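A.B. asks: Below is a structure I'd like to ask you about.
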Amino acid sequence: MRNPGTTHGGRAAAIAALCALLVAGCDSSGSTTDAASSGRITLTVGDYGTFGYKESGLFDAYMKEHPDITIVEHTVQQETDYYPALQTHLASGSGLDDIQAVEVGRIAQVVKKQAAKFVDLGKADGVDKSAFLPWKSQQATASDGSTIGLGTDIGPMAICYRKDLFQQAGLPTDREQVAKLWQGDWAKFVEVGKQYQAKAPAGTFFLDSAGGLFNAVVSSSTTQYVDSSGKLNYKDNPTVKSAWTLSTGAISAGISAGLKQFDTPWFQAFANSKFATVACPSWMTAIVADKSGPANKGKWDIATAPAAGNWGGSFLSVPKAGKHQKEAAALAAWLTAPAQQAKVFTTVGNLPSNVKALGRSEVQNAKLDFFGDTPTGQIYAATAQSVQPTVIGEWDGLVKDTLTNGALLSIEQHQSDPAKAWSNAVKEIDDKVSD
């Protein structure tokens, strides 16, 4: 879900300019009402990466059905930039969009500490809470039973791989044969990486980043950064330890390109064919297609991951600071309804969290044009059925970012000692959690 977009600073300037042009006043959320057009309402949608609404024509379709509504999307490329800005706006009660997206790694913190600042969407017109995967809805449910977010997508994982690079390295290219190479064990995946690297085409690596591998391993476990009660427990969690060992081992084996995911060099590496695999939640397919470019169309395929897991997924929420809460809730409900979620998946690959959408024929039979005859819908829908619910903690996003974009990246790019990188990350996490 990750395409370039405006920053919040740039967004504020854009809104100010828009207000100057319209015979209207801006409310604190950034919404506008144009008196010259008989009360026409502008709803702003704040998100990150590629949610697929613009790409699939849904915003245009909604505005056509609702001629009194104008939708403006404010997109930030990286969620790690988006979320701190959202926190700042929530604290001040100003600068918020009418609809704000929240990533799954942040939802527990928002639910626990800021639920009162959001509209209860469970009571909004057109919302059927039972239509979503139960574990998805539960993640956005506060202690008082209110629903502060409607699930957009989920992130069942697979492995996207370059068939041409695999062939050149002497590895099979058929997706079923490829999946068997590492079936049931992420350690086998790393071993395949070593086989690839031994005969790798010049200048290429088996995987994009150790951080991506780490996230994939952790995401395929039912116990991640917290225990069953929600208490932070990443230091002693066997899954986290295993993910760390495998990721640092991949670095030392020289099979990783050492890139920071969602950064410009990482995007460029797709087009330049610098790596042969990437851990590939359903939403990642949009990035693979967009950043690889037309020259690499048909070269990528998708194989089942070593273990089923869910990495990512988001929610749409409506802040109470907005002046158009009813209209914003109606838009959020419509965007997350079955037909719209199915449309997004068939356009950009974000797999629905709505059960009825998952069962629709266009989802089950979907093939994304960039990947040729790959049965994308079947692969991801089948994996989604195997995903087991996991407890999400309020600090999951912080821990994940610190260990991947901090510790592992320092080892990859600055040759930091793994033990020291781990201890530094633990200290940083402990300091922030205790604030």
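A.B. asks: Whose amide H sits under 5 Å from the amide H of Ile71, counting only residues 5 or more places off or on another chain, with H placed in the peptide plane?
C.D. replies: It is Leu43, by chain and number.
A.B. asks: Using Cα pairs under 8 angstrom and six or more residues apart, how large is the relative contact order of the chain, in percent? Write out the running numbers ahead of the final one.
C.D. replies: Details: 867 pairs, mean separation 98.9, N = 435.
So the answer I get is 23 percent.
A.B. asks: Something else: Going 7 Å from the Cα of Lys123 in the Cα-to-Cβ direction, what parts of the range 329-351 have a backbone nitrogen less than 18 Å from that spot?
C.D. replies: 329-333
A.B. asks: Give, in nm to one decimal, the length gained when the segment between Lys326 and Val433 is fully stretched (0.36 nm per residue of separation minus the Cα-Cα distance). Walk me through the numbers before you get to the answer.
C.D. replies: Numbers: separation 107, 0.36 × 107 = 38.52 nm, distance 3.53 nm.
Additional length available on full extension: 35.0 nm.
A.B. asks: At a Cα cut-off below 27 Å, give the lysines reachable from Lys323, other chains included and same-chain residues fewer than 8 away excluded.
C.D. replies: Lys54, Lys64, Lys112, Lys113, Lys117, Lys123, Lys129
A.B. asks: Note the full-extension length gain between Gln168 and Lys194 as 0.36 nm times their separation in residues minus their Cα-Cα distance, in nm to one decimal.
C.D. replies: On the way: separation 26, 0.36 × 26 = 9.36 nm, distance 1.44 nm.
Taking Gln168 through Lys194 to full extension adds about 7.9 nm, to one decimal.
A.B. asks: Amide H of Phe132 versus every other amide H placed in the peptide plane: which residues, excluding those fewer than 5 positions away on the same chain, fall under 5 Å?
C.D. replies: Val355
A.B. asks: I've got another one for you. Rank these for me by crowding, Asp396, Asp431, Asp81, going from fewest to most other beta carbons within 10 Å. Walk me through the numbers before you get to the answer.
C.D. replies: Details: Asp396 24, Asp431 9, Asp81 14.
Fewest-to-most ranking of Asp396, Asp431, Asp81: Asp431, Asp81, Asp396.
A.B. asks: Take each of the peptides 149-158, 381-390, average the number of other beta-carbon atoms within 10 Å over its residues, and list them starting from the highest. Each step should come with its number before you reach the end.
C.D. replies: Details: 149-158: 27.6, 381-390: 16.7.
Top to bottom by mean Cβ count within 10 Å: 149-158, 381-390.
A.B. asks: Compute the FRET efficiency between Lys231 and Gln385 as 1/(1 + (r/R0)^6), taking r as their Cβ-Cβ distance and R0 = 30 Å, and round to the nearest 0.05.
C.D. replies: Numbers: r = 29 Å, r/R0 = 0.98.
Computed FRET efficiency for Lys231 and Gln385: 0.55.
A.B. asks: Which one is right for this structure if Cα extents along the principal axes in Å is calculated from it: (1) 76, 62, 38; (2) 66, 58, 39; (3) 68, 49, 40?
C.D. replies: Computed from the coordinates, Cα extents along the principal axes in Å corresponds to (3).
A.B. asks: Assign one of three labels to the range 175-243, namely rounded, prolate or oblate, based on the Cα gyration tensor with a ≥ b ≥ c the square roots of its eigenvalues; rounded applies when a/c is under 1.5, prolate when it is not and a/b is larger than b/c, and oblate otherwise. Don't skip to the end; give the middle numbers.
C.D. replies: Working: a/c = 3.38, a/b = 2.14, b/c = 1.58.
Cα axes put the range 175-243 in the prolate bin.
A.B. asks: Distance in nm between label sites at Gln268 and Ser361, each 7 Å beyond Cα in the beta-carbon direction?
C.D. replies: So the two model labels end up 4.7 nm from each other.
A.B. asks: Calculate one ³J(HN,Hα) per residue across the range 177-190 by plugging θ = phi - 60° into the Karplus curve 6.51 cos²θ - 1.76 cosθ + 1.60, and present them in order as whole Hz with x for glycine and proline.
C.D. replies: 5, 4, 4, 5, 4, 10, 3, x, 7, 5, 5, 5, 4, 5
A.B. asks: Still on this structure, I have one more. Can you list the HN-Hα couplings for the range 340-356, worked out from phi with the Karplus curve (6.51, -1.76, 1.60; θ = phi - 60°), rounded to whole Hz and with x for Gly and Pro?
C.D. replies: Coupling constants for the range 340-356: 6, 5, 5, 5, 4, 5, 6, 9, 10, x, 6, 6, x, 9, 8, 4, 5 Hz.
A.B. asks: Which of rounded, prolate or oblate describes the range 181-314 when judged by the alpha-carbon gyration tensor and an a/c cut-off of 1.5? The partial results should precede the final answer.
C.D. replies: Numbers: a/c = 1.96, a/b = 1.50, b/c = 1.31.
Taking the square roots of the gyration eigenvalues as a ≥ b ≥ c, the range 181-314 is prolate.
A.B. asks: Compute the Cα gyration tensor for the range 361-415, then decide on rounded, prolate or oblate, letting a ≥ b ≥ c be the square roots of its eigenvalues: rounded whenever a/c is under 1.5, prolate when a/b is larger than b/c in the other cases, and oblate in all that remain.
C.D. replies: Oblate, since a/c reaches 1.5 and b/c is not below a/b.
A.B. asks: Calculated from DSSP H runs of 4 or more alone, at -39500 (n - 2.57) each and per residue, what is the 222 nm mean residue ellipticity of the chain, nearest 500? Numbers along the way, then the final one.
C.D. replies: Numbers: 20 runs with 191 residues, N = 435.
Taken over the chain, the calculation gives -12500 deg cm²/dmol.
A.B. asks: Right, another one. Can you list the residues, at least 5 places off or on another chain, whose amide H is less than 5 Å from the amide H of Gly313, using H built in the peptide plane?
C.D. replies: Amide H neighbours of Gly313: Val104.
A.B. asks: Can you pull the one-decimal nm distance between simple spin-label points at Asp417 and Thr80, each 7 Å off the Cα toward Cβ?
C.D. replies: 2.4
A.B. asks: Let me know the charge dipole size of the range 104-238 about its Cα centre in debye, to the nearest 20, where only the beta-carbon of Lys, Arg (+1) and Asp, Glu (-1) is charged.
C.D. replies: Details: 16 positive and 13 negative charges, 54 e Å.
With Lys and Arg at +1 and Asp and Glu at -1, about 260 debye.
A.B. asks: Once phi is turned into θ = phi - 60°, what whole-Hz ³J(HN,Hα) does the Karplus curve with 6.51, -1.76 and 1.60 give for every residue of the range 156-168, x standing for Gly and Pro?
C.D. replies: x, 9, 9, 10, 8, 9, 8, 4, 5, 5, 4, 4, 5
Read-outs throughout are calculated quantities, based only on the coordinates presented, and are distinct from any laboratory measurement. As the structure is a prediction and not an experimental result, all values here were calculated from the model. Here Cβ is always computed from backbone atoms with ideal geometry, including for glycine, and neighbour counts include all displayed protein chains.
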